[in-house]
1. Any chance the range B:65-76 includes a residue that's farther than 30 Å from B:K27 by Cα, surrounded by 14 or more Cβ atoms within 10 Å (Cβ to Cβ) and charged (D, E, K, R)?
2. Scan the strands (runs of 3 or more DSSP E) fully inside the range B:57-168 and keep the ones with 2 or more residues being among the charged types (D, E, K, R).
3. Being within 13 Å of another protein chain (Cβ to nearest Cβ) and modelled with pLDDT of 95 or more, is that true of even one residue in the range B:32-40?
4. Quick check on the range A:37-54. Is at least one of its residues basic (K, R), without any contact (Cβ under 8 Å) to a residue 40 or more places away in the chain, part of a helix (DSSP H, G or I) and crowded, with 20+ Cβ neighbours inside 10 Å?
5. Taking interchain pairs and intrachain pairs at least six residues apart, which have beta carbon atoms under 7 angstrom, with the first residue in the range A:69-85 and more than 14 Å from chain B (Cβ to nearest Cβ) and the second open to solvent by 30 Å² or more (accessible area, probe 1.4 Å) and part of a loop (DSSP other than H, G, I, E, B)?
6. Going by the structure shown, is A:R49 within 23 Å of A:R122 (Cα to Cα), away from every other protein chain (no Cβ under 12 Å) and basic (K, R)?
7. Failed condition for B:T108, given (1) in contact with a Ser or Thr (Cβ under 7 Å, 6 or more places away or on another chain); (2) open to solvent by less than 60 Å² (accessible area, probe 1.4 Å), with all others met?
8. Please verify whether A:R20 is of a type in the set (K, R) and within 14 Å of chain B (Cβ to nearest Cβ), treating the condition exactly as stated.
Amino acid sequence: MENPEDERLDTVESYVNEVRTLLLDRRSPHRYKDHEILTALNTSLAEARRVRADLFIYRHGNHVPYFTSVSGETVPIETQFRLAFVYGIAGHVLERDDEDVQDQRAASFTSQFYSILIGIQRPPVQGGNKGPGSPQA
Amino acid sequence: MMNERDVDRLLNLARTELVGASDAGIKAQLYDVCREFFKDSNSWYEHISVSIISGQRHYRITPAEGGMILRLAAVWDNNRIPLSAILPHLDPPSAELELVYPQNTNFTAKCVVTKQIVEPTTREMLPEAPRWLLPVYHETILDGLLGKMMGQTTKSYSNDTQSVYHLRRFRDGIMQARVASERANLYGGQAWRFPNSFRTNSQRGGVSTPFPRPTSW
């Protein structure tokens with residue numbers, strides 16, 4: 001029997017960790033600060049509200065959640081859409097990066113975000129490189 | 001209220017057909033589907049007792065089994081004689097019952113009202129609909145749900161052709177429910193009856209006899 005508490009990507013902290021994995025930024029000092037990833041999370045939520053308002057239908061109200069710290073606070077997104085937010089956050093973080101080499105990867109992640117939210121088939125991830133701050137770099 | 005297993009079955013089938021749909025979106029749409037179903041089929045009834053007081057014409061009636069009062073089907077006195085009445089004011093979930101003519105004795109009347117779902121929903125954001133809805137009209141509700149979801153624009157599950165198909169089936173299902181309700185679920189029931197204007201509750205004008213002329217025996 002599955003334990004619902006074992007679900008991943010249900011808290012702010014788990015999103016940040018997953019995004020850091022995708023960006024090869026797991027080791028301190030981090031290239032991308034917590035507040036940058038939080039900004040990307042909040043921005044992705046706002047954008048998702050625009051294209052998929054039904055994700056924010058609650059029993060009381062339909063507000064877009066907003067987060068100010070990396071904590072165990074729950075991000076109220078249904079399981080099947082959580083991967084979209086990982087890509088959305090990563091894409092936004094890379095877009096804010098001043099390295100031109102990241103642009104293609106940022107566009108690819110953002111495209112994944114939209115494909116999961118309003119499409120059926122996900123496009124392939126593109127623009128791979130060694131990644132700044134990566135232990136493999 | 002609706003059985004959990006029936007709801008799970010409905011939602012699981014909807015999820016299978018609607019790739020990329022959110023549960024919250026499906027449930028929100030289910031509310032509208034149920035609303036349209038009950039509003040147009042008049043299939044959700046409740047019998048409510050009203051204590052009639054001599055000389056008083058206005059009464060507030062409230063459903064005891066969920067939903068809101070939508071229309072008045074009939075009012076009878078304690079001898080099963082119909083009383084003329086209207087619902088001049090709806091105040092969900094209640095309504096104001098107005099007897100057209102004041103009565104001169106106290107008695108308990110029975111009124112039959114048709115109902116509609118109403119907010120609030122359950123904790124799971126499901127409408128408070130009667131238990132029989134899904135066992136009896138599962139296909140109709142599923143068609144309504146799929147049709148309305150597929151009719152949305154710019155979604156992964158948008159499909160105009162399928163939307164039209166399912167909504168047509170949904171409307172057919174509503175009409176079947178309406179007829180079944182009017183005939184009280186009687187198989188082979190009479191499809192026609194005298195209009196309301198033929199109704200009478202007195203024998204003024206003559207005593208009924210078995211035949212027009214007894215001499216014709």
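The values are calculated or read from the model by the stated rules, or taken from the named source; none is laboratory data. Since this is a predicted model, take the numbers as computed values, not measurements. So basically every Cβ, Gly included, is an ideal-geometry build from the backbone, and we count neighbours across all protein chains shown. Ligands, DNA and RNA are excluded from the accessible area calculation, which covers all protein heavy atoms including side chains. Shrake-Rupley method; radii C 1.70, N 1.55, O 1.52, S 1.80 Å.
1. No, the range B:65-76 has no match at all.
2. Those strands (runs of 3 or more DSSP E) span B:94-99, B:107-116.
3. yes
4. no
5. A:T74/A:D10; A:V75/A:D10
6. Values: within 23 Å of A:R122 (Cα to Cα): yes; away from every other protein chain (no Cβ under 12 Å): yes; basic (K, R): yes.
Yes: the conditions hold for A:R49.
7. It is condition (2) that B:T108 fails.
8. Taking the combined requirement at face value, the residue does not satisfy it.
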